[in-house]
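The values are calculated or read from the model by the stated rules, or taken from the named source; none is laboratory data. Everything numeric in this text was worked out from a predicted model, so none of it was measured. Don't worry about glycine lacking a Cβ; one is built from the backbone with ideal geometry, like all the others, and counts go over all protein chains shown. When the accessible area is computed, the model is the full protein with side chains, heavy atoms only, and any ligands, DNA or RNA have been set aside. Shrake-Rupley method; radii C 1.70, N 1.55, O 1.52, S 1.80 Å.
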Amino acid sequence: MRWSKTYIPTLREVPAEAELISHKFLMRAGYIRRLAAGVYIYLPLMQRVLENISTIVREEMNASGAIEILMPVLHPAELWQKSGRWDTYGKELMRLKDRHQHDIALGGTHEEVVTDLVAGELKSYRQMPLNLYQIQTKFRDEIRPRFGLMRGREFIMKDAYTFDVDEEAHKVAYQKMVDAYYKIFDRCGLPSKKVESDTGAMGGKAAHEFMILVDTDGGENWVLACDTCDYAANVEKATFRELNTPDQEGEQKPIESIDTPGATTIEEITAFLKLPPHRFAKSLIYKADGKPVVAMIRGDRQINEIKLKNHFDCMDLEMAEADLVEKVTSAPVGFAGPIGLDIPIVVDPEVAALTNFVTGGNKVDTHMLNVNIKRDFTPQAIVDIKNAPAGEGCPKCQGLLTESKGIEVGNTFMLGTKYSEALAGKFLNSEGKEKPYIMGSYGIGITRTAQAAIEKGHDEKGIIWPKAVAPYQIIISPLNMTKDKQRETAENIYNELTEAGYEVLYDDRSERAGVKLNDADLIGIPLRIAIGDKSLAKGQVELKLRREKEFEAVDIGQILVKTEEFLIRAI
Ligand code: ATP
Ligand code: MG
């Protein structure tokens with residue numbers, strides 16, 4: 001492709017709305033343009049990247065035995081009502097009314113549609129296993145669309161759905177998808193990590209996420225992984241083995257109220273009382289579907305809102321606003337405690353294990369000393385509601401947990417019978433008994449994976465694509481188009497490499513050399529062939545990999561052999 005014949009509108013200025021480096025480069029290098037919040041146009045270079053990723057996904061899905069279909073974006077509301085998700089999916093489900101005032105959902109995921117499709121037709125155990133997938137645009141009214149393609153309101157996803165006769169067969173199908181996912185991300189040049197995750201709004205039994213680990217701001221998820229065994233989990237789900245159980249006081253002492261003027265944070269109160277943070281129990285007031293509740297964790301721990309939300313089995317969980325805290329505790333924020341409250345109190349097991357701990361006093365400038373669970377207040381439940389911190393023990397072995405940031409590019413869900421039961425998805429098993437299908441669902445964010453590749457591969461000058469996803473493998477940059485010799489050489493090499501089957505971008509613009517070399521770096525093509533007078537005088541051109549610093553002058557006659565050599569070396 002000739003640069004002059006395609007559309008690559010590079011920008012000099014960094015657009016203000018772009019926070020992430022990958023988002024900035026996608027805009028600057030002319031890959032995408034924003035149409036509305038979380039809605040983007042994919043320009044020619046982007047379209048090629050998305051095609052490359054989709055091709056890899058397709059090949060591996062087909063190789064695993066999955067069958068490609070294409071389902072509609074418009075979903076009749078009835079299907080979502082049957083599964084219950086018309087209500088539980090919340091505001092993320094985009095909805096509209098047709099001219100007859102019928103409710104329609106814009107597909108953000110297709111469990112309902114695919115189950116409805118096979119129900120009634122997939123009637124016998126002989127027709128299974130079945131795995132149907134599609135690559136399609138999805139719609140979700142994300143509460144905070146951001147980071148470019150990372151969290152859009154319209155994005156491209158591969159979604160697959162498996163139907164099996166029993167749990168055993170389902171496990172086989174699930175493992176096939178896991179194996180395919182590892183291959184897909186490896187082939188994209190993006191080694192992935194499989195981590196345990198929360199099942200969230202999808203429901204079902206268990207789930208895993210595939211993460212690309214990054215050390216940039218693009219990593220929206222914290223991953224806890226064992227340094228010894230293969231345990232790894234999203235922080236939403238991770239548990240741990242406490243290594244150093246803090247000292248305990250044996251005997252329960254009489255409860256005491258103590259003046260703590262102005263001490264509202266754990267730092268202030270620990271300094272004031274000269275006690276370590278693990279002797280405190282934080283009482284956090286939340287609203288679970290609008291109703292106030294208290295969550296208690298040790299002062300040295302962080303609350304895990306996903307675990308808390310799962311405990312209450314509610315649709316919305318949010319921190320109570322100051323007014324509500326005052327109403328519930330009769331004190332300003334910072335002095336909440338469990339004693340005397342008549343709302344549900346959930347206590348983390350680490351708090352339940354403490355003797356004589358400190359809590360807020362539900363009175364301004366007041367805390368309580370020597371609080372003891374059961375004697376002084378009665379919790380509704382004792383459940384794990386805290387984050388696992390790095391440095392603590394692995395829950396599965398004697399190893400230690402380490403923490404890293406990751407971008408979730410795919411996930412796999414064991415759905416059980418949630419959708420087959422709701423949507424009459426039944427078959428006759430080998431004994432002639434009617435059973436619901438055991439289902440699985442498996443997503444890969446095609447657009448998010450593309451951006452994750454940039455978050456992982458870039459330098460200050462621009463994108464560094466892995467060769468498998470790059471829009472072109474090679475860019476030819478003659479430095480001065482007014483020189484006949486340079487232009488002719490460029491044309492010849494362009495023809496030769498294109499005929500040899502390479503995807504080549506020929507920068508035939510009459511821009512200054514500096515602009516062309518900068519643009520080549522910015523758009524991130526793995527191999528650059530620069531053509532300038534100096535090397536040309538020796539019958540040579542300059543080959544340079546985007547990820548390497550040095551170029552090599554190569555005889556023009558050697559171009560094919562050398563190109564192959566360079567591209568094998570590229571990641
Ligand atoms: P997240 O936790 O990031 O919101 P999710 O659990 O909602 O993701 P799924 O519903 O399982 O994700 O979707 C499958 C895949 O689609 C995700 O792994 C991710 O790669 C991609 N994806 C999900 N939501 C978005 C979005 N708003 N924009 C771009 N890609 C997305
Ligand atoms: Mg989501």
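Between E19 and L35, the contour length at 0.36 nm per residue exceeds the Cα-Cα span by 4.1 nm.
Any aspartates and glutamates with Cα under 12 Å of the K516 Cα? List them, leaving off those in the same chain fewer than 8 positions away. Output for K516: D507, D508.
Place a label point 7 angstrom from the Cα of Q248 along the Cα-to-Cβ direction, then list the residues of the stretch 271-285 whose backbone nitrogen is under 15 Å away. What the label zone holds, given the 15 Å backbone N cut-off, is 279.
Can you pick out the pairs among K237/K287; K91/K418; K307/K426 whose Cα atoms lie more than 27 Å from each other? Working shown, then result.
Working: K237/K287 21 Å; K91/K418 21 Å; K307/K426 33 Å.
Cα-Cα > 27 Å for K307/K426; rest within.
The simple Förster model, with R0 at 35 Å and r as the Cβ-Cβ distance, assigns E220 and E256 a FRET efficiency of 0.20. Report, in degrees rounded to the nearest 10, the 0 to 90 angle that the Cα long axis of helix 446-456 makes with the longest principal axis of the chain. Compared with the principal axis, the helix lies near 90 degrees. Multiplying the residue separation of T265 and A513 by 0.36 nm and subtracting their alpha-carbon distance yields 83.4 nm. What would the Debye formula give as log10 I(q)/I(0) at q = 0.12, 0.21, 0.22 Å⁻¹ for the alpha-carbon point model of the stretch 109-201, no solvent? Summing over Cα pairs of the stretch 109-201 leads to -0.53, -1.31, -1.34. Short-range pairs are left out: with C-alpha atoms under 8 Å and at least six residues apart, the relative contact order of the chain is 17 percent.
Please give the net charge around A225, taking every other residue with its beta carbon less than 9 angstrom from that of A225, where Lys and Arg add +1 and Asp and Glu add -1. Walk me through the numbers before you get to the answer.
Details: positive: K193; negative: D227, D230, E403.
Every neighbour counted, the sum reads -2.
As a test of understanding, state the convex hull volume per residue of the chain from its alpha carbons, in Å³.
On the way: hull volume 116.8 nm³, N = 571.
Convex hull of Cα atoms, per residue: 205 Å³.
Annotation note: trypsin sites (Lys or Arg not before Pro) in the stretch 501-571 located in DSSP loop regions with a Cβ neighbour count of at most 14 within 10 Å are R512, K538, K549.
To check you understand DSSP bridge types, tell me what percent of the beta bridges within the stretch 256-382 (both residues inside) are antiparallel, rounded to 5.
On the way: 18 of 25 bridges.
Taking every DSSP beta bridge within the stretch 256-382, about 70 percent pair in antiparallel fashion.
Taken one residue at a time, the phi angles of the stretch 317-327 give Karplus couplings (6.51, -1.76, 1.60, θ = phi - 60°) of 9, 9, 5, 5, 6, 3, 4, 5, 4, 5, 5 Hz. Gly and Pro are set to x.
The angle separating the long axis of helix 167-187 from the principal Cα axis of greatest extent in the chain is about 50 degrees. Within the stretch 472-569, the proportion of Cα pairs with more than 18 Å between them is 38 percent. Absence of a disulfide-compatible partner, taken as no other cysteine beta carbon within less than 4.7 angstrom, is noted in the chain for C188, C314.
Indicate the gyration tensor shape class of the stretch 10-88 (rounded, prolate or oblate), computed on the Cα atoms with a ≥ b ≥ c the square roots of the eigenvalues: a/c under 1.5 is rounded; otherwise a/b larger than b/c is prolate and the rest oblate.
Numbers: a/c = 3.08, a/b = 1.46, b/c = 2.11.
It comes out oblate by the Cα gyration axes.
Could you please state, rounded to a whole Å, how far the C-alpha centre of the stretch 127-191 is from the C-alpha centre of the stretch 310-367? One Cα centre to the other: 40 Å. The H on the amide N of M319, modeled in the peptide plane, is under 5 Å from the matching H of K287, each at least 5 residues off or on a different chain. Extension gain for D316 to Q302 (0.36 nm times residue separation, less C-alpha to C-alpha distance): 3.1 nm.
With the contact rule set at Cα under 8 Å and sequence spacing of 6 or more, what percent relative contact order holds for the stretch 470-524? All intermediate terms of the calculation are to be shown ahead of the outcome.
On the way: 57 pairs, mean separation 25.6, N = 55.
That works out to 46 percent.
D227 exposes around 90 Å² of accessible area when a 1.4 Å probe is run over every protein chain in place. Rolled with a 1.4 Å probe across the full set of protein chains, the surface gives H208 an accessible area near 30 Å².
Using a 10 angstrom Cβ neighbour count of at most 10 plus a DSSP loop assignment to flag exposed GluC sites (Glu not before Pro), which longest range of the chain is free of such sites?
Numbers: sites that count: E13, E121, E251, E431, E460, E550.
Here the longest segment lacking exposed loop sites spans 252-430.
Taking 18 Å as the straight-line reach from the Cα of K467, the lysines in range (excluding those fewer than 8 positions away in the same chain) are K183, K456, K544, K549, K562. Equivalent-ellipsoid semi-axes for the stretch 256-382 (Cα gyration tensor, √(5λ), whole Å, largest first): 22, 16, 13.
Using only side-chain charges placed at the Cβ, +1 for Lys and Arg and -1 for Asp and Glu, the dipole size of the chain relative to its Cα centre rounds to 1100 debye.
Listed cross-link partners K97/K194; K97/K193; K158/K309; K327/K386; K123/K205; K291/K363 are compared with a 32 Å cut-off, the Cα-Cα value being larger for K97/K194; K97/K193.
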